[in-house]
Amino acid sequence: MIDGLMTYTAGYRNFNIHWKNAVGKAFSVSYAASYELTPKQYREKSIFFLVNDEIGGKGLNYDLSGPSGASPVMVEGAAIGFQLPLHGEPALVFEGNNVTATAMGPFGTFIDHWERVP
């Protein structure tokens, strides 16, 4: 079971996710960033990025260096999509109250479906 929450506010994104493997070792990410979304580009600047990787035997890893990155925005009908540009995070597609996150990278290969909670 995976527990997670992603929040976008006016100019900031916060992301937290946690799971345990079959033997009880944990993996979690806690992330905060500022962002800007335009019709053509998504830009993000990391405030902090924390990974706890007990599963991989790496333990805690903090990134406080404040990297920034950008990616193109794609709009198709009511769907808005972009690749999160930092830390190997997934590509996101927002449509209505739903978000689909797709990744092939350091956190594995997955497709997640998230729903807005009022």
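Table for the structure above
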read-out: Enumeration of residues in the stretch 63-87 that are over 16 Å from the mean Cα position of the chain (by Cα), within 17 Å of Val29 (Cβ to Cβ) and not small (Gly, Ala, Ser); value: Leu64
read-out: Residue list for the stretch 70-90, restricted to those being assigned to a loop (DSSP other than H, G, I, E, B) and out of contact with any Ser or Thr (no Cβ under 8 Å at 6 or more places or on another chain); value: Gly77, Ala78, Gly88, Glu89
read-out: Answer residue from the stretch 91-105, given it is out of contact with any strand residue (DSSP E or B) (no Cβ under 8 Å at 6 or more places or on another chain) and in a strand (DSSP E or B) and is nearest to Tyr62 (Cα to Cα) among those; value: Gly105
read-out: Given (1) within 11 Å of the chain's Cα centre (by Cα); (2) surrounded by fewer than 17 Cβ atoms within 10 Å (Cβ to Cβ), index of the condition Ala10 fails; value: (1)
read-out: Residue match in the stretch 61-69 (condition: under 19 Å from Trp19 (Cβ atoms) and open to solvent by less than 30 Å² (accessible area, probe 1.4 Å)); value: no
read-out: Pick from the stretch 43-88, criterion among the charged types (D, E, K, R) and out of contact with any Gly (no Cβ under 8 Å at 6 or more places or on another chain), ranking: nearest to Val117 (Cα to Cα); value: Glu76
read-out: The stretch 7-31 residues that are outside any strand (DSSP E or B), paired with ones that are open to solvent by less than 40 Å² (accessible area, probe 1.4 Å) (beta carbon under 8 Å, 6 or more apart); value: Gly11/Ser34; Asn21/Phe27
read-out: Inter-residue pairs, beta-carbon under 7 Å, first within 13 Å of Leu37 (Cβ to Cβ) and in the stretch 76-103, second open to solvent by 40 Å² or more (accessible area, probe 1.4 Å) and not in a strand (DSSP E or B), 6+ apart; value: none
read-out: Some residue of the stretch 96-104 being among the small types (Gly, Ala, Ser) and surrounded by fewer than 12 Cβ atoms within 10 Å (Cβ to Cβ); value: yes
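The values are calculated or read from the model by the stated rules, or taken from the named source; none is laboratory data. Not measured: the values here are computed from a predicted model. Here Cβ is always computed from backbone atoms with ideal geometry, including for glycine, and neighbour counts include all displayed protein chains. Quick note on the areas: whole protein, heavy atoms, side chains included, nothing else; ligands and nucleic acids left out. Shrake-Rupley method; radii C 1.70, N 1.55, O 1.52, S 1.80 Å.
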